[in-house]
Amino acid sequence: MTGWTVAATYRRPTTRDHGLAMIHYNLHCAACGHDFDDWFGGMADWEARKPDYACPSCGVARVEKALMAPSLGAAKASFAAEPACNPSTCANPGCPMAAGF
């Protein structure tokens, strides 16, 4: 896959994972064209399992990582800064700052 970038998504470890972060790969079978995904204990885990990793559709061990888009976290909400309030000139009747003037 020269010239291609393979991205992966990560998730936080759970007690079920025994404290290990898991990596999610989209996979593609070169034998039958089946696309699927699976979780691994990391890149080293994938590399160790790759030679014998068989496609769930055809059973042939010609599975490669598929091209994936990077996983981006959800955008954090950003709030616009409140404009500075001058209580003596505030025209908003609901303004708590103007209530005392």
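The values are calculated or read from the model by the stated rules, or taken from the named source; none is laboratory data. Everything numeric here is computed off the predicted structure, so don't read it as measured data. All Cβ positions, even for glycine, are placed from backbone atoms using ideal geometry, and neighbour counts span all protein chains on display. Each accessible area value is taken on the protein alone, full model and side chains, heavy atoms only, with ligands, DNA and RNA left out. Shrake-Rupley method; radii C 1.70, N 1.55, O 1.52, S 1.80 Å.
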Sole residue being open to solvent by less than 70 Å² (accessible area, probe 1.4 Å), modelled with pLDDT under 95 and either polar (S, T, N, Q) or at positive phi (or both), chosen from 41, 94, 19: 19
I need every pair where a residue in the stretch 54-66 that is more than 16 Å from residue 39 (Cβ to Cβ) and free of Cβ contacts under 8 Å to residues at least 60 places away in the same chain has its Cβ under 8 Å from the Cβ of a residue that is hydroxyl-bearing (Ser, Thr, Tyr) and surrounded by 13 or more Cβ atoms within 10 Å (Cβ to Cβ), sequence separation at least 6 or different chains. 61/53
